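Structure first, then comments.
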Amino acid sequence: MAMATVLDEMTVKPLSDALGAEIQGVDLGRPLDSATMKAIEDAWHEHLVLVFRNQSLSNDDQVRFCKYFGDLEEVRTGNFANEDMKHTMMITNVTDTGLQTALENGDMWFHSDQCYYEYPCKASTLYAMEVPSVGGNTLFANCYTAWETLPDDLRDKLDGLKGHHIYDYAGNPMKRGENIDPDAPQYLHPVARTHPATGRKALYVNRLMTDYIDGLPEDESAEILERLFAHGEQDRFVYEHVWQVGDFVIWDNRCSMHARTDFDPGERRMMRRITVKGEAVV
């Protein structure tokens, strides 16, 4: 397949004041030249979330594009259908895909993918194959501006502290107490992480998976976390993506978090997900 040189045709259209941009004039179904990929990566670092509409992508197309950003994560259960699908998971409420599937219905709180691992993925991608008529939207929040707009005294207090993240979707992590599975994946990461490419700090706690701040009394930790969650989820930091079939979205897990809105469980929603390996959190 011929490599596409599309830099002159590519445009970057911001989607909100908070974050997000639509990339127009690029067909991800073809290999891209290095100049185009550099422009896409620069836009990704600036806007955190990139949307490519009206794409027709095979699994191989999605794999090829994601590899421009680094090595790919393998599905950790190992239950992939075949070697070609070892990086691919279907995020869906459909049970008959025949592929590795995360069965998901309804809404989901803000979170950052794999924050409970030592090396969380740096990028996540979703390709929309089926979408409900209403809802099932993805909210993306800018964690740079969330950190930068905290009061100076709170930033000073938190800088250097670590938050504890755990993979346990049973409810509010701060209220689970002894119900938390001690064997669940979990890790301590800085409350403010520094992006390796931009050098900016981003707030790195989230409502779904962060259960305490290490080194603080339990009551103070809970109070500060609730304050951070409410702050980071403000509308002024958020872009809401309303999915269309053929949308491909890539976001930076190091400086954003995301959530899902509710949708009718009687309607099908199917997204193909591939993630890119990350680095140590500092």
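The values are calculated or read from the model by the stated rules, or taken from the named source; none is laboratory data. Since the structure is predicted, the reported quantities are computational estimates derived from the model, not experimental observations. Don't worry about glycine lacking a Cβ; one is built from the backbone with ideal geometry, like all the others, and counts go over all protein chains shown.
Descriptive notes on the structure:
- Among residues of region 246-264 being part of a strand (DSSP E or B) and touching a His at 6+ places or on another chain (Cβ under 9 Å), the one that is surrounded by the fewest Cβ atoms within 10 Å (Cβ to Cβ) is A259.
- Looking across region 1-37 at every residue that is polar (S, T, N, Q) and assigned to a loop (DSSP other than H, G, I, E, B), the one that is modelled with the lowest pLDDT is identified as T5.
- Test: residue in region 103-111 that is assigned to a strand (DSSP E or B) and without any contact (Cβ under 8 Å) to a residue 24 or more places away in the chain: yes
- Scan of region 129-151 for residues that are out of contact with any His (no Cβ under 9 Å at 6 or more places or on another chain), surrounded by fewer than 22 Cβ atoms within 10 Å (Cβ to Cβ) and in a strand (DSSP E or B), ordered by number: M129, E130, G135
- Within region 214-245, if we keep just the residues that are of a type in the set (G, A, S) and closer than 15 Å to A141 by Cβ, the residue that is surrounded by the fewest Cβ atoms within 10 Å (Cβ to Cβ) turns out to be A230.
- Scanning region 34-49 for residues that are in the same structural domain as W243 (by TED's automatic domain parsing), loosely packed, with under 14 Cβ neighbours inside 10 Å, touching a Leu at 6+ places or on another chain (Cβ under 8 Å) and on the phi < 0 side of the Ramachandran plot turns up at least one hit.
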